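S.K.: Pasting in a structure now, in structure tokens, and then I'll have a few things to ask.
The values are calculated or read from the model by the stated rules, or taken from the named source; none is laboratory data. The shown structure was predicted, so the numbers you read here are calculated from the model rather than taken from an experiment. Quick reminder, even Gly has a Cβ in these numbers, built from the backbone with ideal geometry, and neighbours come from all protein chains shown.
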Amino acid sequence: MQELLKSLMACPNHEKEEVVYLCKDHDTTCCNKCAMADHRKCEEVKVLSDIVHDTNVDCFALKTVLHDLQQQSENLLEHERKHEEFVSKIESKALSSLKTIKQKLFDMHAQLESEVLSAIADKKKVIGEQIITNNKNTCQLIPNSSQPLLNTLRNLERMNTLFSCSSALKRMRYVV
């Protein structure tokens, strides 16, 4: 493991020298000799210890930000879970209310249907009784009222016969 670390810390050009700088222009690490000779004109040559320190500072700030984000995410997830639970309860209550209303409507319809059919049956019975009564009265009236009519017709026939006879006699007198 230490050999791996030594090989990573060794300068690629000068094996006995440790890397001290990072040249961002060439994206390579280098020792003091390389920095003076090869990277003197580069714009961004940084000391590795400064980069590590800045990275540690940035990492701590990043850890704090990530922790805050995680806490906020957990709070949002809990809020969403509660909201979903609330919506489910509302849906359940709405379905229950709709079932209750539906049953009440069915009951009201059945009661109304029963009342209407009962009223129709009562009216039908009354009308049927009136028809029977009217038929009886009509049947009783016809024989009673027809008898005087029959007598009147018979009298008219007799009178007509008498009138015909008298007319014939009168005609005979004129002829004789």
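S.K.: Of the residues 131, 120, 101, 51, only one is under 25 Å from residue 9 (Cβ atoms) and surrounded by 10 or more Cβ atoms within 10 Å (Cβ to Cβ); which?
M.R.: Only one candidate qualifies: 51.
S.K.: Now for a different question. Could you please let me know if residue 81 is among the basic types (Lys, Arg), at pLDDT below 80 and surrounded by 10 or more Cβ atoms within 10 Å (Cβ to Cβ)?
M.R.: Considered against the rule, which asks whether it is among the basic types (Lys, Arg), at pLDDT below 80 and surrounded by 10 or more Cβ atoms within 10 Å (Cβ to Cβ), residue 81 comes out as no.
S.K.: Restricting to the stretch 17-42, name every residue that is of a type in the set (Lys, Arg) and at pLDDT 85 or above.
M.R.: Matches in the stretch 17-42: 24, 33, 41.
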